[in-house]
Amino acid sequence: MKAEYINPFYLATKDVFQMMLDVETDKGQLAIVEDMIPGKEANVVLGVTGDLKGTILFSFPKEMILEMVKIMSGMDVDTIDHFVSSALGEVANIIGGNAVTKLTANNYICDIVPPQIFIGEYRSLSMASQQALLLPILTPIGKFDINIFLKEK
Amino acid sequence: MMWKEKYKIGVPLIDQQHEELFKRVSAFIGIVQNKMNWEEKLESVKETMAFMQEYVVFHFDDEEVYQESINYPNLESHKLEHKKFKQAVENYAVRLDTEGYSEELVQEFSGRLMAWLIMHVGSVDQKIGEYVASQEGEI
């Protein structure tokens, strides 16, 4: 997978966290994974279609998304209810939309399929036995993973 | 939802409406998320929702009139963003009417609304302020 596919997703994540949450992000160590596994409690899957096809999986720990929603709403939240999961899905959708804009600037015309949200489900996502890239993101409010699986049409 | 100084675009009419919009959506979320029994608060949920929906449309219209008045170059794409969002709100309104005001559906709507509003005001609308500032620089 080329860096030019990955960077737009990292940069979009950085921009959106900065703008919406006032939270700074850093890249962790990139890794290749055989399976895309939602390894944390709150997971959002975005489908990518167009010049690039594939799946982006955001996997967040529970405490982190509760803190994200607390920052956005200004209210204490203690459970992942539909309000929390839907806010999280929209944030991921916004990151995906921004990443697609950046991909377009690199001449990859893509679109994002509306997010699917999985809470507390650890099933792995089928990628037809192909490898994905795991990009850990470090923030002062927690660490989460972005799994990226994209291939050219 | 916290209103932040960084959301201001420097156009008082728009800034005041954005702040008001944040207050209304906050009030809506406050009611949806309080621990009261759903049936007991259903009437207030419906009232705040109607109130807020009306204000969203009112604000979008005002913002578009303002953008036209300054010959805003991104008017069409901005209108499209508003249109898509109004459509999403309408779709929820239809679902709530037909499927009933379930707590899950209202929560889902309020979560999306909150995130969308922060993004739209904090990012997309900032470009209006940048354009106005650039035009003033040329006078």
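Among the residues in segment B:109-119, are any of a type in the set (Lys, Arg), surrounded by 18 or more Cβ atoms within 10 Å (Cβ to Cβ) and either within 11 Å of chain A (Cβ to nearest Cβ) or under 23 Å from A:Ser85 (Cβ atoms) (or both)? Yes: segment B:109-119 contains one or more residues that are of a type in the set (Lys, Arg), surrounded by 18 or more Cβ atoms within 10 Å (Cβ to Cβ) and either within 11 Å of chain A (Cβ to nearest Cβ) or under 23 Å from A:Ser85 (Cβ atoms) (or both). May I ask you to verify whether A:Val23 is outside any strand (DSSP E or B), within 14 Å of chain B (Cβ to nearest Cβ) and more than 20 Å from A:Tyr108 (Cβ to Cβ)? Taking the combined requirement at face value, the residue satisfies it.
Scan segment B:50-59 and give yes if some residue there is free of Cβ contacts under 8 Å to residues at least 24 places away in the same chain, assigned to a helix (DSSP H, G or I), over 12 Å from the mean Cα position of the chain (by Cα) and surrounded by 11 or more Cβ atoms within 10 Å (Cβ to Cβ), otherwise no. Looking through segment B:50-59, at least one residue is free of Cβ contacts under 8 Å to residues at least 24 places away in the same chain, assigned to a helix (DSSP H, G or I), over 12 Å from the mean Cα position of the chain (by Cα) and surrounded by 11 or more Cβ atoms within 10 Å (Cβ to Cβ). Residues in segment B:1-49 that are away from every other protein chain (no Cβ under 14 Å), polar (S, T, N, Q) and not in a helix (DSSP H, G or I): 1 in all. Taking (1) under 13 Å from the mean Cα position of the chain (by Cα); (2) of a type outside the set (Phe, Trp, Tyr); (3) more than 14 Å from chain B (Cβ to nearest Cβ); (4) crowded, with 18+ Cβ neighbours inside 10 Å in turn, A:Leu52 satisfies each apart from (1). Take the conditions within 13 Å of another protein chain (Cβ to nearest Cβ) and in contact with a His (Cβ under 6 Å, 6 or more places away or on another chain) and apply them to B:Glu104. Does it pass? Yes, satisfied.
So that you can scan it fast, the table gives a plain yes or no per residue for (1) touching a residue at least 60 places away in the same chain (Cβ under 8 Å); (2) part of a helix (DSSP H, G or I); (3) of a type in the set (A, V, I, L, M):
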residue	(1), (2), (3)
B:Glu76	no, yes, no
B:Leu96	no, yes, yes
B:Val106	yes, yes, yes
B:Ser110	yes, yes, no
B:Leu113	yes, yes, yes
B:Val132	yes, yes, yes
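B:Asn71 passes every criterion in (1) more than 14 Å from every other protein chain (Cβ to nearest Cβ); (2) outside any helix (DSSP H, G or I); (3) buried (at least 16 other Cβ atoms within 10 Å of the Cβ) apart from (3).
Within the option set A:Asp35, A:Asp22, A:Asp26, A:Asp51, being closer than 13 Å to A:Val100 by Cβ and among the charged types (D, E, K, R) holds for one residue only, A:Asp51. Among residues that are surrounded by 16 or more Cβ atoms within 10 Å (Cβ to Cβ), of a type in the set (A, V, I, L, M, F, W, C), at pLDDT below 95 and assigned to a strand (DSSP E or B), A:Val45 is included.
The listed residues are A:Phe58, A:Phe83, and the only one of them that is modelled with pLDDT of 95 or more and either within 10 Å of A:Pro115 (Cβ to Cβ) or within 10 Å of chain B (Cβ to nearest Cβ) (or both) turns out to be A:Phe83.
Quick check on my filter: what residues within segment B:1-23 are at pLDDT below 90 and buried (at least 18 other Cβ atoms within 10 Å of the Cβ)? Within segment B:1-23, B:Met1 is the sole residue that qualifies.
Within the option set B:Val32, B:Val65, being within 17 Å of B:Gly111 (Cα to Cα) and among the hydrophobic types (A, V, I, L, M, F, W, C) holds for one residue only, B:Val32.
The values are calculated or read from the model by the stated rules, or taken from the named source; none is laboratory data. Model, not experiment: these values are computed from the prediction. Because the Cβ atoms are built from the backbone with ideal geometry, glycine has one as well, and the counts that use them run over all protein chains shown.
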